[in-house]
């Protein structure tokens, strides 16, 4: 899984660890699961660091981040009922993020897909 | 809207994209006292190549002085990310000191013409704004070529560029990964992972090695490019020394997994098969120009048969087929970061001249820039011959998803051709291919290639998806927020260069 490398945990100007991790640490939720992040992280970064790689489902297919530069729209999640790109969205304290679940356009597919909350434990 | 805000919405020059080309274009214009607005989608300047360099992610609060990178963390950052990354600092520094109206977090979703002026509409924090400029420089850069393989839509499959973004922006790396594809960026990323202590499990190489055609392209510029050539050789030897399992001549690659990537299977040189378990896959098949804006404007484009992509037609001064719109950097055809900065300056000087500025004193610089860009295009032709895209050597397997957004397979596109589709736009109507949120960015080229192959027609005759605004999904609320902007005097139109729309 993804981890933050040593160099990213320190300021390069001083040899001290980056100022008070407690200050910089934030928590938010993804599909009701608590996720920790660092202030300034995008939602995509934070989820990857928490070993969450399935961000949603479209047409019955699991979706995860792909390009991380705002072009592919594979990392769409839901925040306040609005679909947003996790890679372009800064994580903030107490944000409630939900996976984006959409069905496909086939007539025979169900109108809504129930998402199993346990399904995101990866 | 206040008078002030109204005045702020009109500029002499609008530059779209703050990568090397955009930053250089904007600062050059500002040097002449030209009023410039620079729009960029990311929170900081640098583009994807120098992404997050201004803050170097959480790694530093350096004020742009690379000499300040003296302690352990700084040294490690330079060692892992590589010196080339930090070479973007002077451009970023120059931009932050220049008199440029820079808007970050701006997602451009319409570019049009209003009489003599260009009009750009963008959203920022869920609010849309419209600005006008007498000249527009599009510096929208590059994106990675779509690499459709069975299983490439599984979570856990990312592009190598995405892997680099995680490393540059947040200092993130993962072990237990497999790298697939070909091209300098893939090898560069492999060395970055090795230096991060996250050696990739395997590198599955689809390139076909040094060949005569490649050497022929290289000869005219070999002297100018000996440094990058040496860097390239050194990267390959680092990968070898680190003991990464390399499988060259790979074919029939499949990414395995149920709800996330769990492994890769492929054939390699000699017809042997290999099965590798992994948690993450990073894929890369070269880069292509990001042409959504220029295509939405219906500017003239051409098929580049060496690179196998469409590129906008521009003149020596980077002006497109529409006289007040220029295209600079990789968005005009891949030239690399250094040449992109030169091209940005060149585009800016040409635009300044047409805006009435005295640029006579710059004619020597101008020639130097033209030469540098020409050499860069030649060098990129060499790289294209050395690392040809997978689609030129192997057809896309039937069960492979081509359009990720709408889950359309290669078989469905082939069926469209059987039914008589002659171009990409008809496949939209049949399959919804290219109609999802990415607007065909990650399937357009593949669809064109499949149609060419299936119908036995040369790729240059196939054409592209017709691109229309909004270039990125926008909400009704964002559209409505435009009502706060003063109305434009005449109806907005797009340029009307002939473009076969019937396909």
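Every number here is computed from the coordinates shown, using simple stated rules; none is lab data. Computed from a predicted structure; not experimentally measured. All Cβ positions, even for glycine, are placed from backbone atoms using ideal geometry, and neighbour counts span all protein chains on display.
Give me the mean projected area, in nm² to one decimal, of the convex hull enclosing the Cα positions of chain B.
Numbers: hull surface 96.2 nm².
Directional mean of the projected Cα hull area for chain B stands at 24.0 nm².
Where both partners of a DSSP beta bridge lie in region B:157-285, what percent of those bridges are antiparallel, to the nearest 5?
Restricted to region B:157-285, the bridges split so that about 40 percent are antiparallel.
If eta is 0.890 mPa s and T is 25 °C, what Stokes-Einstein diffusion coefficient results for region B:221-262, Kirkwood Rh from Cα pairs, in µm²/s?
It diffuses with D of about 182 µm²/s by this estimate.
Among A:64-76, B:323-335, B:429-441, B:95-107, what's the highest-first ranking by average C-beta atoms within 10 angstrom per residue?
For the peptides A:64-76, B:323-335, B:429-441, B:95-107, the packing ranking is B:323-335, A:64-76, B:429-441, B:95-107.
If we sort B:153-164, A:34-45 on the protection proxy, mean other Cβ atoms within 10 Å, highest first, what's the order? All intermediate terms of the calculation are to be shown ahead of the outcome.
Details: B:153-164: 26.0, A:34-45: 20.5.
Most protected by this proxy first, the peptides run B:153-164, A:34-45.
Rounded, prolate or oblate, given the Cα gyration tensor of region B:157-285, with a/c below 1.5 counting as rounded?
oblate
Could you list B:235, A:1, B:23, B:143 so that the one with the fewest beta carbons within 10 Å of its beta carbon is first and the one with the most is last?
Fewest-to-most Cβ neighbours within 10 Å comes out as A:1, B:235, B:143, B:23.
If I take R0 = 30 Å and measure r between the Cβ atoms of residue B:430 and residue B:392 in this structure, what FRET efficiency does the formula 1/(1 + (r/R0)^6) give, to the nearest 0.05?
That pair, residue B:430 with residue B:392, gives E of 0.75.
Take the alpha carbon gyration tensor of region B:59-212, find the square roots of its eigenvalues, order them as a ≥ b ≥ c, and report rounded if a/c is under 1.5; if not, report prolate when a/b exceeds b/c, else oblate. Before the final figure, lay out each step's value.
Values: a/c = 2.20, a/b = 1.38, b/c = 1.59.
Judged from the Cα gyration tensor, region B:59-212 comes out oblate (a/c at least 1.5, b/c at or above a/b).
Evaluate peptide A:43-53: per residue, the Cβ atoms of other protein chains within 10 Å of its Cβ; return the mean as an integer.
For this peptide, the per-residue mean of nearby foreign Cβ atoms is 3.
Where both partners of a DSSP beta bridge lie in chain B, what percent of those bridges are antiparallel, to the nearest 5? Each step should come with its number before you reach the end.
Numbers: 36 of 68 bridges.
If we restrict to bridges inside chain B, about 55 percent are antiparallel.
What's the center-to-center distance, using Cα atoms, between region B:161-238 and region B:271-331 in Å?
Going from one Cα centre to the other spans 19 Å.
Relative contact order for chain B using alpha-carbon pairs under 8 Å, separation at least 6, rounded to a whole percent?
Here the relative contact order equals 19 percent.
Shape verdict for the protein assembly as shown, please, from the Cα gyration tensor: rounded (a/c under 1.5), prolate (a/b greater than b/c) or oblate.
In terms of gyration-tensor shape, rounded.
Can you give the log10 of the normalised intensity I(q)/I(0) at q = 0.11, 0.14, 0.19 Å⁻¹, computed with Debye over equal Cα scatterers of region A:22-104?
Taken in order of the listed q values, log10 I(q)/I(0) reads -0.25, -0.40, -0.73.
Which peptide among B:460-469, B:362-371 comes first, and what is the full order, when sorted by highest mean count of other Cβ atoms within 10 Å?
Taking the mean over residues of other Cβ atoms within 10 Å, the ranking is B:460-469, B:362-371.
Out of all DSSP beta bridges with both ends in the protein assembly as shown, state the antiparallel percent to the nearest 5. Present the calculation step by step, with values, prior to reporting the outcome.
Numbers: 57 of 94 bridges.
Restricted to the protein assembly as shown, the bridges split so that about 60 percent are antiparallel.
In nm, to one decimal, how far is the modelled label at residue B:233 from the one at residue B:124, with both set 7 Å along Cα→Cβ?
A separation of 4.8 nm, rounded to one decimal place.
Residues of B:144-154, mean number of Cβ from any other protein chain within 10 Å of their own Cβ, rounded to a whole number?
Neighbouring Cβ atoms belonging to other protein chains average 2 per residue here.
Whole Å is fine, so just give me how far the alpha carbon centre of region B:73-121 lies from that of region B:423-470.
With region B:73-121 and region B:423-470 each reduced to a Cα centre, they are spaced 30 Å.
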